[in-house]
């Protein structure tokens, strides 16, 4: 998906699931995206130290944030990391999964501005 497609999908989800107005979405979406990037950053540390227990916890938190925004496909990746790391699976390529999440999330959350968010409600 493109940056605009992701943001439109998130906007539509927030409208349907939480009945937020376009004005509230314009206010909250940049905050939601900042929080999402923080959760993604929090996944990196346990990945680097190979701490599977902490990786599972961080992946669980990221999964929840992604689901709150209606991003099920990305949440499924975080869920896979969560399950495999909780099981102690050392054969899973967590780095590749993390890179995919980074690439996708940064494609729409990397440079969000209120102005870009406002465009979605037009």
From the list 20, 47, 55, 14, which one is farther than 23 Å from residue 94 by Cα, over 11 Å from the mean Cα position of the chain (by Cα) and part of a helix (DSSP H, G or I)?
14
Being under 29 Å from residue 93 (Cβ atoms) and either surrounded by 13 or more Cβ atoms within 10 Å (Cβ to Cβ) or more than 13 Å from the chain's Cα centre (by Cα) (or both) is the filter here, so list the residues in the stretch 23-37 that pass it.
32, 33, 35, 36, 37
Mind listing whichever residues of the stretch 88-117 are surrounded by 11 or more Cβ atoms within 10 Å (Cβ to Cβ), modelled with pLDDT of 95 or more and outside any helix (DSSP H, G or I)?
89, 92
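Looking at 55, 40, 74, 62, which one is surrounded by 20 or more Cβ atoms within 10 Å (Cβ to Cβ) and in contact (Cβ under 8 Å) with a residue 60 or more places away in the chain?
40
The values are calculated or read from the model by the stated rules, or taken from the named source; none is laboratory data. Here the structure is a predicted model, which is why all the values come from computation and not from measurement. Heads up, the Cβs are rebuilt from the backbone with ideal geometry, glycines too, and the neighbour counts pull from every protein chain shown.
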